[in-house]
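Okay, so here's the structure we're looking at.
The values are calculated or read from the model by the stated rules, or taken from the named source; none is laboratory data. Predicted, not measured: the structure shown is a model, and the values here were computed from it. FYI the Cβ positions are ideal-geometry reconstructions off the backbone, even for glycines, and counts take in every protein chain you see. The area values use the complete protein model at the heavy-atom level, side chains included, leaving out ligands, DNA and RNA. Shrake-Rupley method; radii C 1.70, N 1.55, O 1.52, S 1.80 Å.
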Amino acid sequence: MAALGLFANGLVFSSIIVLGSIGLSLVYGIADFANFAHGDTMTVGAYAALVTLGALGSVGPSLFGLPAAFFLALCAGFVVAALVAVATEKLVYEPLEIGSIGLLITSIGVAFIYRGLVQMVFSAESARYEVRQLRPIEALIPYGVRVTYHDVVIVVTSVVLVGTLHVLLRYTDLGRKMRAMADNPELARVSGIRTDRIRLVTWVVGGGLAGVGGVFLGLFNRLSPRMGFNLLLLVFAAVILGGIGSVYGAMLGGLLIGMVHEAMPLLSDLGTLLPLVPDAVGIPVGIEYAEAVAFVIMVAVLLVRPTGIAGEGG
Amino acid sequence: MVDIDVDAGPLGEMTATEQGVTAVVVAFGAVLLFGLLSGRLAPTYFLFLVGLAGMYALLSLGLNSQWGFTGLINFSVAAFFGIGAYGAALTTASSSPVAGGFNPAYGLVVALVAATVLALFIGLPTLRLRADYLAIASLGLAEVVRRVVLNERRWTNGNLGVRGIPGFFDGWPVLSTFPEAIPGLRIAVPLGATVELGEPFYRMLLNVLLVTVFVVGSYLLLSRVHRSPWGRVLRTIRADEDLARALGKNTYRFKLQAFVLGSLVMALAGVFYAHLNLFVSPATLEPITTFYVWVAVILGGTGSTRGAVFGGVVVVVLREGTRGLAGLEGIPLDAPSLRLVLIGLLIVLLMRFRPQGVLPPQRELIWPDVVDEAPDRPETGVREARGDGDD
Amino acid sequence: MTDTVLRVENLRKEFGGLVAADDATFGVERGTITALIGPNGAGKSTIFNLVSGFYEPDAGRVEVDGVDVTGLEPYEVADHGLIRTFQTPRKLEGMTVREAMLVGPQDQPGESFLRLFTAPGAVAAAEERNLADAERMLERFEIDHLATQPATDISGGQTKLVELARAMLAEPEILLLDEPAAGVNPTLRNELVAQIRRLNEAGTTCLLIEHDMEFVMELADPVVVLDRGSVLTQGPPETVQGDDRVIEAYLGGGA
Amino acid sequence: MNDDPVLELVDVDGGYGEVQVLEDLSLRLEAGEIVCLIGPNGAGKSTVLKTAFGLLTPWTGAVRYHGEDIAGTAPEDVVRKGIGYVPQTDNVFGSLTVEENLRMGGVAREDDRLEGVVEELYDRFDVLREKRTAKARGLSGGQQQVLAFARALVTEPDVLLVDEPSAGLAPNTADEVFADVEAVNAMDTAILMVEQNATKGLEISDRGYVLDQGTVAYEGDADGLLDDPEVSELYLGG
């Protein structure tokens, strides 16, 4: 029973991680560097939604316990984060003439600028969206599952977005171009693909999804200027687990990391859960180490299988 | 750079940048002097700043021997700084949950041993990884360390931190009673009110002495090993690891050694911090410290020892300067945000316009010297190599 | 009686389904200059990387001087006397040519961090000796005028000479040269031929990969021809040149 | 049509970064020709193709396509003018299917005939139709080379630049690829080809240039070059 509840929680948290990790992996694949500003792009999205929601108020009909304005705020989160990402590409990354390590270091600077500006405007204190707190859905409680309609919105929206991205990548020319460019940027240019445009599209998609992930993170917890940076390493762990540059790997990695993160309580009573294992067996690691365990998994994956669990060999 | 006039005076030997840096340093020194003389800058606070600058210089020196000499992207600087601070604190503090109250000298030893163990814990698995993975993995493991310090209250007091850390020289002969023994001084400074130099001032003076010893010691050691055959292999690894391997160098071992060495210097900074601040908390291990130090090293010039010291000083100016700036009326900004934005801008602008840093190392690293007067006669060995004025 | 310095037996390496080395077997006799030739993609570089320890073979065996070095790290292979060069050597930033030479010698105790402090005398003595050796080697390669130049400021061809000279400071039993003539102008190229021949006459065994057939025919005996990861044939250059299979696979029909 | 050659390099100096590879190099390609560039490693053969295609900008000199100077035009625009390029290695999108590779080849097409052209290419290269849903990475070396050609042909270029088509192929596969080169040429596509197997390359060519040290050392009819004792000795390994 407990496992089912944790699985449900895991699914909610995974959805947020997946939204972050897809964008990070796309950028890693196409712009070819580890973008340390990706977490703070999520923060930007979250605060854009906060402003929008504040301006619109909670008027309008309510849907899944959320005012209609929230969904507009969600869109604002996508749009603002995407715009900020594109502006950063144009102003900062594009003019640089340094390798991927230089870009990595630059992105740390970008992360600080985002976070510093958010903190200047909104203060370092945490904030909440002006939406009603919900009780868990009654019908599911007997099963040990305590999720609210907000959680359902998070999961469903993420599934829709991920599905849309899948269709985009698999069945549209734009998606094929993006995959082609991640595969072989030189050949992509030679084939006539306008690679600078594809790069911009990548930033729009990656930044936008991060923005939505940030809005949901704010709904799931609270908003604070550090929220994205705090999540960044988990998102990296997901990307590495799935294989850098692989969008589908990032989805899988995000799902697994989210699950591991939320399923920590299970570790200490492994014995009672697994058949054939004595009840007393367990890894005595508390939930306060949830993230630490994810990081250790990430390092282990890097050592054993640097191409990730879904990555191709070689 | 090659056609430097050897016969010119020390200024003539400098490059334009070096002259610029010298000018800035002199001007900055003049401002500080004015502050001191006018009584606007309390001497004790001034010494505290000097101590902080020394601390950042140490951290930069440590990172420089990893990134600058060897090309290792270590994003776990804060973990080593923290382990140094906690090692010293837990050994010496009255409130230590483990076994406090020891002489700070023991704390120093404990901190260095702990840092070595941690360096092996982080370095052994990650140093085989390619550069960007090493960055992410070391940041991840540093976070693991921070969580442990935060959560293992039995050992670390957790969030509460460790109080009651003695000064480094407490319990030493003469030095422990020096601040009390020296009579207080009242000095009428020429441009302002009288300044009182009492016990706190002398305590701080001792701290500055301590950090000076640490910095000078580390500087001499690192400069020396950098030019040694050992350091030469590190520099070869940085330029072309495969070449070093093909020439029979066990590069993994060299990288591990450089990693441990740098980490020890960082831990030294942590030890100093514990005895300067007399209180440590898990905030010491926040990743932001790591990035401050990165800014210092990149700003100074990757691989440049004097650059690392310069970068460390600039970062302190930036950190403390933003405090002052935000305090001014009419600027409704809080210091931490402003500092973040400024540090961020500094990184972005550096990478855009001067990725090699302000004082890049070409000149100080080339040995035997470019401006060698007798090129056809071999030098006699590394220790006899002439000390050139440029480092 | 033959004396094999390098023995390669049934070496095999796959990269994601692509077989780069397939059951390759050949030997390098002491005192020879052996050339490894073959069309692009025949596996020459792969064999070099397998032999020098940069890749780990999927199957097969590599022996240097009778010692099994299969699967050892490059530095261990180097310890057994096999030193390799690279086709496009990177330049060592922040070093003079003279200092860059000093990475070559294998007997510098100062490369141990501890010995720097416990045996400064030995370190200084080794440094002095190595410096003198380096100077002599630079003279022998007629590049001593470059000694005080920054290693980043010399031409590609000069870099190749420096690399060769540095590799010689390691006193190898066998020297592996990866395309020594690639990207080198004709004057330097002739210079390289002369230097390699001189090294060989002084007792160094060489194995080289080279595209420039003239270069190969001038220097090498025997020649090992690779095709699709395996040894197609080997023998004296004249015989190989006349071999129909070689002509078809590499030199081109009708030649 | 005017009388200008389809493609012409005039007095080109160029290279990578600050390293000069090409020096005062001039060559031309007439409509319908196959021209082969041969020469030792490092002579600048591939650099010629990259400069012609806009991957490198010449330092001085001109690259003329039907008389128009296109030096410095970005490759994605050069494709749209009617020049195709088959790189030597990494010349297919490994993680894309054969069909998707061909679609990528047609990105530069501005009409709606893509489907038709792809069908024609399937007709010409049967093996690609068989493998249309397979990932390119799984194809054999020869099949990948065919796919690389087909990808470059989707735009129906009138000039095709081909970098070492036989690289890494077994002799009989290389022969098939050379046959494909001739077949492509028969469809009125002029071909400028770099080939390491100089003899085979010249055999299917109309004319040839021998490059040495970044400049043209010999030029002439392919047969003439093959018979020239000096060229033969210096560059044909014979």
Restricting to region B:339-351, name every residue that is surrounded by fewer than 18 Cβ atoms within 10 Å (Cβ to Cβ) and either in contact with a Gly (Cβ under 7 Å, 6 or more places away or on another chain) or at the interface with chain A (Cβ under 7 Å from one of its Cβ atoms) (or both).
B:LEU345
So D:LEU9 ticks every box in (1) within 21 Å of D:ALA167 (Cβ to Cβ); (2) modelled with pLDDT of 90 or more; (3) open to solvent by less than 10 Å² (accessible area, probe 1.4 Å) but one. Which box is left unticked?
(1)
Total residues in region A:210-264, condition among the aliphatic types (A, V, I, L, M), over 13 Å from the mean Cα position of the chain (by Cα) and under 24 Å from A:PHE71 (Cα atoms):
2
Do you know which of the residues in region A:60-93 that are of a type in the set (Phe, Trp, Tyr) and not in a loop (DSSP other than H, G, I, E, B) is surrounded by the fewest Cβ atoms within 10 Å (Cβ to Cβ)?
A:PHE71
Go through region A:293-309 and count every residue that is at pLDDT below 85 and more than 8 Å from chain B (Cβ to nearest Cβ).
5
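The rows are residues; the columns are (1) in contact (Cβ under 8 Å) with a residue 12 or more places away in the chain; (2) in contact with a Gly (Cβ under 8 Å, 6 or more places away or on another chain); (3) crowded, with 22+ Cβ neighbours inside 10 Å.
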residue: C:GLY60; (1), (2), (3): yes, no, no
residue: C:THR88; (1), (2), (3): yes, yes, no
residue: C:PRO109; (1), (2), (3): yes, no, no
residue: C:ARG136; (1), (2), (3): no, no, no
Residue check for A:GLY144: open to solvent by less than 60 Å² (accessible area, probe 1.4 Å) and either within 8 Å of chain B (Cβ to nearest Cβ) or under 20 Å from A:LEU74 (Cα atoms) (or both):
no
Residue match in region D:70-82 (condition: more than 10 Å from chain A (Cβ to nearest Cβ) and under 15 Å from the mean Cα position of the chain (by Cα))
yes
Could we say that A:PHE112 is at pLDDT 90 or above and within 22 Å of the chain's Cα centre (by Cα) here?
yes
Per-region count, region B:285-303, residues assigned to a helix (DSSP H, G or I) and either within 10 Å of chain A (Cβ to nearest Cβ) or open to solvent by 10 Å² or more (accessible area, probe 1.4 Å) (or both)
10
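Scan region C:199-216 for residues that are surrounded by fewer than 18 Cβ atoms within 10 Å (Cβ to Cβ) and either at pLDDT below 85 or over 20 Å from the mean Cα position of the chain (by Cα) (or both) and jot them down.
The answer is C:GLU214, and nothing else.
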Scan region C:90-107 for residues that are within 8 Å of chain B (Cβ to nearest Cβ) and either part of a loop (DSSP other than H, G, I, E, B) or surrounded by fewer than 23 Cβ atoms within 10 Å (Cβ to Cβ) (or both) and jot them down.
C:ARG90, C:LYS91, C:LEU92, C:GLU93, C:GLY94, C:MET95, C:LEU102, C:VAL103, C:GLY104, C:GLN106
Does D:VAL181 meet the test of being over 18 Å from A:SER191 (Cβ atoms), buried (at least 18 other Cβ atoms within 10 Å of the Cβ) and of a type in the set (Val, Ile, Thr)?
yes
Unmet requirement for B:PHE121, which otherwise passes all of (1) in contact (Cβ under 8 Å) with a residue 40 or more places away in the chain; (2) closer than 16 Å to A:ALA292 by Cα
(1)
When residues of region A:149-183 are filtered for being surrounded by fewer than 21 Cβ atoms within 10 Å (Cβ to Cβ), of a type in the set (Gly, Ala, Ser) and within 11 Å of chain D (Cβ to nearest Cβ), how many remain?
1
If I ask for residues that are without any contact (Cβ under 8 Å) to a residue 12 or more places away in the chain, in a helix (DSSP H, G or I) and either more than 9 Å from chain D (Cβ to nearest Cβ) or in contact with a Pro (Cβ under 9 Å, 6 or more places away or on another chain) (or both), which ones from region A:184-195 would you list?
A:GLU186, A:LEU187, A:ARG189, A:VAL190
Residue check for B:ARG146: over 30 Å from C:GLY94 (Cα atoms), among the basic types (Lys, Arg) and open to solvent by less than 30 Å² (accessible area, probe 1.4 Å):
yes
Criterion: under 22 Å from the mean Cα position of the chain (by Cα) and in a loop (DSSP other than H, G, I, E, B) - qualifying residue of B:ILE83, B:ILE165
B:ILE165
Inside region D:102-135, can you point out the residues that are in a helix (DSSP H, G or I), touching an Asp or Glu at 6+ places or on another chain (Cβ under 8 Å) and within 13 Å of another protein chain (Cβ to nearest Cβ)?
D:ARG103
Total residues in region D:46-74, condition of a type in the set (Ser, Thr, Tyr), in a loop (DSSP other than H, G, I, E, B) and buried (at least 17 other Cβ atoms within 10 Å of the Cβ)
1
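For (1) modelled with pLDDT of 90 or more; (2) more than 14 Å from chain C (Cβ to nearest Cβ), each residue gets a yes or a no:
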position: D:ALA150; (1), (2): yes, yes
position: D:GLU156; (1), (2): yes, yes
position: D:VAL159; (1), (2): yes, yes
position: D:SER166; (1), (2): no, no
position: D:LEU169; (1), (2): no, no
position: D:ASP175; (1), (2): no, no
position: D:ASP180; (1), (2): no, yes
position: D:MET187; (1), (2): no, yes
position: D:ILE191; (1), (2): yes, yes
Report, by residue number, each residue of region A:280-292 that is facing chain B (nearest Cβ under 8 Å), at pLDDT 75 or above and open to solvent by less than 50 Å² (accessible area, probe 1.4 Å).
A:TYR289, A:GLU291, A:ALA292
Out of all the residues in region D:115-130, which are open to solvent by 30 Å² or more (accessible area, probe 1.4 Å) and in contact (Cβ under 8 Å) with a residue 40 or more places away in the chain?
D:ARG124
Reported set for region B:91-121 where residues are open to solvent by less than 20 Å² (accessible area, probe 1.4 Å) and within 20 Å of the chain's Cα centre (by Cα) is B:GLY107, B:ALA111, B:ALA115, B:LEU118, B:ALA119
Only one residue in D:ASP4, D:ASP77 is of a type in the set (D, E, K, R), surrounded by fewer than 18 Cβ atoms within 10 Å (Cβ to Cβ), free of Cβ contacts under 8 Å to residues at least 24 places away in the same chain and out of contact with any Ser or Thr (no Cβ under 6 Å at 6 or more places or on another chain), so which one is that?
D:ASP77
Go through the residues of region C:38-51 one by one and say whether even a single one is surrounded by fewer than 23 Cβ atoms within 10 Å (Cβ to Cβ), in contact with a Lys or Arg (Cβ under 8 Å, 6 or more places away or on another chain) and away from chain D (no Cβ under 14 Å).
no
State the number of residues belonging to region D:205-218 that are within 12 Å of chain C (Cβ to nearest Cβ) and either open to solvent by less than 20 Å² (accessible area, probe 1.4 Å) or in contact with a Phe, Trp or Tyr (Cβ under 6 Å, 6 or more places away or on another chain) (or both).
1
